[in-house]
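Heads up, the thing below is written out as structure tokens.
The values are calculated or read from the model by the stated rules, or taken from the named source; none is laboratory data. On a predicted model such as this, the values are computed, not experimentally measured, just so you know. Cβ sites come from the backbone with ideal geometry, for glycine too, and all protein chains shown count toward neighbours.
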Amino acid sequence: MTDKTSLAFELKNSLAELSTLCEKLEGVGEALGLSRRCLFEVNLALDELFTNIISYGFDDQSEHIIRVCISSDDNLLTVVLEDDGIPFNPVERRSRKVSGELEQCKVGGLGIHLVKNLVDDVAYHRCGEKNVLTLKKVIEKS
Amino acid sequence: MEIIEEKQGYLSTFKLQGRLDSNTSQAFEKRLFDAMSDGAKNVIIDFKDLDYISSAGLRVILKATKALKREDGKILLCAMQDYVKEVFEIAGFDSFLPIVPTLDDARKGF
């Protein structure tokens with residue numbers, strides 16, 4: 001992967017695939033010379049969205065494929081996540097209010113709150129039978 | 001993820017290595033709550049060798065913090081990489097969870 005190329009791969013709807021995601025992203029990080037912080041933030045945003053998809057996106061017990069396509073153009077990294085689950089827009093969910101109080105602190109919506117703060121843009125589209133999430137992040141090199 | 005646990009009286013110290021995510025958070029939750037059932041009232045979590053945390057990891061720490069508070073116990077987190085600390089800040093957890101620079105600082109806190 002160089003400055004203007006892309007990488008596509010597929011993940012199954014299983015939590016064990018988080019390690020595959022991590023390995024693939026490490027390769028991307030190395031190829032593009034991403035800083036450790038930038039790689040960490042991209043990994044975390046994708047982890048939260050992927051975990052969300054496999055937790056809420058499918059109403060059957062079958063195996064599903066989540067397609068990941070990563071591309072970069074100069075200093076902008078674009079990641080597209082595509083799944084064939086039920087229509088589900090995580091972006092629409094109201095980002096949780098950050099509470100400074102332990103007792104008021106709830107964990108619902110925490111994942112999407114992190115995503116919105118870690119990337120520069122996240123958008124959802126329903127395309128035919130597919131959920132398509134597009135993330136954009138300005139690259140920080142090491 | 002590797003979890004190394006040290007016990008001194010009511011204080012349990014957990015040193016985490018690797019990645020705390022949806023795959024590993026359940027094992028960590030079990031270790032924490034087992035220690036509490038065993039009498040641990042105070043907990044230190046050493047993040048020095050932790051490379052990664054997701055909301056699944058934050059969830060376990062929040063749950064443990066609430067449980068310890070009910071028992072009048074205390075939790076201290078230490079030695080985080082700056083980008084791990086950033087996750088606690090974005091989540092707003094840094095306002096009620098004490099995060100100190102080193103393990104020695106954490107030990108002095110008890």
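Key figures for this structure:
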| read-out | value |
| --- | --- |
| Subset of region B:42-53 that is surrounded by 16 or more Cβ atoms within 10 Å (Cβ to Cβ) and charged (D, E, K, R) - its residue that is nearest to B:Y83 (Cα to Cα) | B:D51 |
| Residue selected from region B:61-93 under the condition in contact with an Asp or Glu (Cβ under 8 Å, 6 or more places away or on another chain) and of a type in the set (G, A, S), by the criterion farthest from B:Q17 (Cα to Cα) | B:A64 |
| Residue check, A:G27 over 26 Å from A:G109 (Cα atoms), of a type outside the set (F, W, Y), surrounded by fewer than 20 Cβ atoms within 10 Å (Cβ to Cβ) and in contact with a Lys or Arg (Cβ under 8 Å, 6 or more places away or on another chain) | no |
| Boolean, A:L39 is touching a residue at least 40 places away in the same chain (Cβ under 8 Å) and either in contact with a helix residue (DSSP H, G or I) (Cβ under 9 Å, 6 or more places away or on another chain) or hydroxyl-bearing (S, T, Y) (or both) | no |
| Residues being part of a strand (DSSP E or B) and closer than 27 Å to A:S14 by Cβ - total across region B:15-38 | 5 |
| Condition broken by A:D47, with the remaining ones in (1) within 7 Å of chain B (Cβ to nearest Cβ); (2) touching a residue at least 40 places away in the same chain (Cβ under 8 Å); (3) of a type in the set (D, E, K, R) satisfied | (2) |
| Complete set of residues in region B:39-63 that are within 14 Å of another protein chain (Cβ to nearest Cβ), aliphatic (A, V, I, L, M) and assigned to a strand (DSSP E or B) | B:L50, B:I53 |
| Single residue of region B:84-109 satisfying the filter (surrounded by 14 or more Cβ atoms within 10 Å (Cβ to Cβ) and basic (K, R)) that is farthest from A:L118 (Cα to Cα) | B:R107 |
| B:S54 being under 22 Å from A:V115 (Cα atoms), modelled with pLDDT of 95 or more and over 13 Å from the mean Cα position of the chain (by Cα) | yes |
| Test: A:D59 is more than 16 Å from the chain's Cα centre (by Cα) and touching a residue at least 40 places away in the same chain (Cβ under 8 Å) | no |
| Number of positions in region B:87-110 that are over 15 Å from B:T65 (Cβ atoms) and assigned to a helix (DSSP H, G or I) | 8 |
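Residue-wise test of (1) surrounded by fewer than 21 Cβ atoms within 10 Å (Cβ to Cβ); (2) touching a strand residue (DSSP E or B) at 6+ places or on another chain (Cβ under 6 Å); (3) at negative phi; (4) within 14 Å of chain B (Cβ to nearest Cβ).
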{"site": "A:A8", "(1), (2), (3), (4)": "yes, yes, yes, no"}
{"site": "A:A16", "(1), (2), (3), (4)": "yes, no, yes, yes"}
{"site": "A:S19", "(1), (2), (3), (4)": "yes, no, yes, yes"}
{"site": "A:N52", "(1), (2), (3), (4)": "yes, no, yes, yes"}
{"site": "A:D74", "(1), (2), (3), (4)": "yes, no, no, no"}
{"site": "A:V91", "(1), (2), (3), (4)": "yes, yes, yes, no"}
{"site": "A:L102", "(1), (2), (3), (4)": "yes, no, yes, yes"}
{"site": "A:K106", "(1), (2), (3), (4)": "yes, no, yes, yes"}
